[in-house]
Amino acid sequence: MLLIDEQKIYVKDYQEILYMDENQIIIDMKKYCLNIQGRKLEVFYCDYHEIRINGEVKVVEYVTNRV
């Protein structure tokens, strides 16, 4: 599940954070990878089920995992 609210993004039921810097975060989900691009991105909160990301979001895209 993905929720976008102004300067915040909530991602639930993620598998792993694959890549992270202040302009891009790539998150592995069960059936796809979530690519979040923007400015001053930071992980504000993270536990086993949910991530909250703060910053200026410009692009959110997903790519299906291929075998």
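Net length available on complete extension from Tyr10 to Asn35 is 7.7 nm, with 0.36 nm assigned per residue and the Cα-Cα distance removed. In the chain, Cα pairs under 8 Å separated by at least six residues give a relative contact order of 30 percent.
Within the stretch 1-19, list the residues whose amide N lies under 18 Å from a label point set 7 Å along Cα→Cβ of Tyr62. Within reach of a label on Tyr62: 1-5, 9-19. This ranking places Met1, Met29 by how few other beta-carbon atoms lie within 10 Å of each, fewest first, which gives Met1, Met29.
For Lys30, a cut-off of 18 angstrom between C-alpha atoms picks up these lysines, skipping any fewer than 8 places away in its own chain: Lys12. Since only Asn23, Ile36, Gly55 are under comparison, the one whose Cα sits farthest along the positive direction of the charge dipole of the stretch 5-67, derived from C-beta charges on Lys, Arg, Asp and Glu, is Ile36.
Backbone geometry of the stretch 55-61 corresponds, through the Karplus equation with coefficients 6.51, -1.76 and 1.60 at θ = phi - 60°, to 3J(HN,Hα) couplings of x, 8, 8, 10, 9, 10, 9 Hz, x marking Gly and Pro.
In the list (i) 22, 61, 16, 1; (ii) 19, 54, 18, 7, 2; (iii) 21, 57, 21, 1, the label attached to P(r) over Cα pairs in 10 Å bins from 0, in percent as derived from the coordinates here is (i).
Bear in mind these aren't lab numbers, they're just calculated from the coordinates by the rules spelled out. Just so you know, these numbers come straight off a predicted model, no measurement behind them. We place every Cβ from the backbone using ideal geometry, glycine too, and count neighbours over all the protein chains shown.
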